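Since every read-out is calculated from the coordinates, none of them should be taken as a lab result. Computed from a predicted model, the values in this text were never measured in an experiment. Here the Cβ positions follow ideal geometry from the backbone for every residue, glycine too, while neighbour counts run over all protein chains shown.
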Amino acid sequence: MAKTGSPWWAPHRHADRRPALASRGLIKKAFRAHFEADGFTEVECGALAVSPGNEAHLAGFATEAIAPDSSRRTLYLHTSPEFAAKKLLAAGETRIFDFARVFRNRETVTPLHVPEFTMLEWYRAREPYAAVVADSLDLVRLAAATTGLQTFSYRDRSCDPKAEAEWLTVGEAFQRYAGVDLLATLDGAGQGNRESLAAAARTAGHAVADNDNWADIFSKIIVTIEGKLGQGRPTVLCEYPRCEAALARASAHDPRVSERFELYVCGVELANGFGELTDPVEQRARFEAEMAEMERVYGERYPIDEDFLAALAQMPDASGVALGFDRLVMLATGSRSVADVLWTPAP
């Protein structure tokens, strides 16, 4: 047994961790074979970007690029390969995947969060949103088959990774687990009414601060819901409000919600996927709104990748998913923390 306080590179600790690390390699190999058999091309998106992403609560690591003439410009380590991957779709690629190293600042290290991790991201051009949801469930089953683990568990929750998934809309989840009619707080374009949600939340017994906006209240409630999802069987949580899906297109059957889903297993969020928004005008407006919120909360904002918006105008309809590879390996190996399945854990 590893001694408390021993570094991860101590030989006895590494020996304890190595079986899970070996399984990580086997899962990655199985995933590659799975995608390649389905006609996907593996790509390698660069980590340096002019913008790390434009979501209000997603923080990037900044660095400086120094030219031979000593001029300097700010670049960022990407929080996702999404912008680069979509440029590849605009260039003509149709099915792509990337085991990307990604970086997120302002993150507390926890059993599920580290500042540098592996995101498996993939896209299907001209294919429906349902196809990438099916991909996500296939990968959960494939990870279990690779390690032979019949039941995934995390803390006091368990899940059969092979069981048929539960499909649950965000509106249904708020009604069932929080006692709040979320859709009643949205206007016809999917924008939230703060006073309406605050009143419904308080009536249902949720704490609401005077300075909480609609998104703050939404976030506080959904955090209380997440731990209840993916118990017994995986949960596909879908139809996020449009105002909570900055990169997803609106649902064809209800413009208040979007083609965005998250996949939960044992209360752990594993994947976040979209039917991708391809309208550069709407995308710019969403980015500007997100950056205004970031400036309000954190006092900073990130530049918008103009090259990305130009590519978006040429990008075909597509669907894509970002999956937390380390989290899935953690569950598939019966590990307690993502640090147990990282070859070199966070400093």
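Annotations for the structure displayed:
- Selection from F97, V114, L168 lying farthest towards where the dipole of the chain points positive, charges on Cβ: V114
- Helix runs (DSSP H) in the chain reaching 20 Å along axis by Cα, Kyte-Doolittle at least -1.0: 11-37, 129-147, 280-298
- Alpha carbon convex hull of the chain, volume per residue in cubic angstrom: 161
- As a rough guide to protection, the peptides 229-236, 32-39, 194-201 ranked by mean Cβ packing within 10 Å, highest first, stand as 229-236, 194-201, 32-39.
- Reachable lysines, given that their alpha-carbon falls under 23 Å from the alpha-carbon of K220 and they are not under 8 places away in the same chain: K228
- Out of every Cα-Cα pair that the stretch 1-116 contains, those further apart than 18 angstrom amount to 68 percent.
- For the chain, DSSP calls about 85 percent of its internal beta bridges antiparallel.
- Each label was represented as a point 7 Å from its Cα along the Cα-to-Cβ direction; for A310 and R296 these points are 3.2 nm apart.
- In this structure, the amide hydrogen of G267, modeled 1.01 Å from its nitrogen in the peptide plane, lies closer than 5 angstrom to those of L229, G230, Q231, counting only residues at least 5 positions away or on a different chain.
- The C-alpha radius of gyration of the stretch 254-324, expressed as a fraction of 2.2 N^0.38 Å, stands at 1.31.
- Hz values of 3J(HN,Hα) by residue in the stretch 231-243 - Karplus curve (6.51, -1.76, 1.60), Gly and Pro given as x: 9, x, 8, x, 10, 9, 8, 10, 6, 5, x, 4, 6
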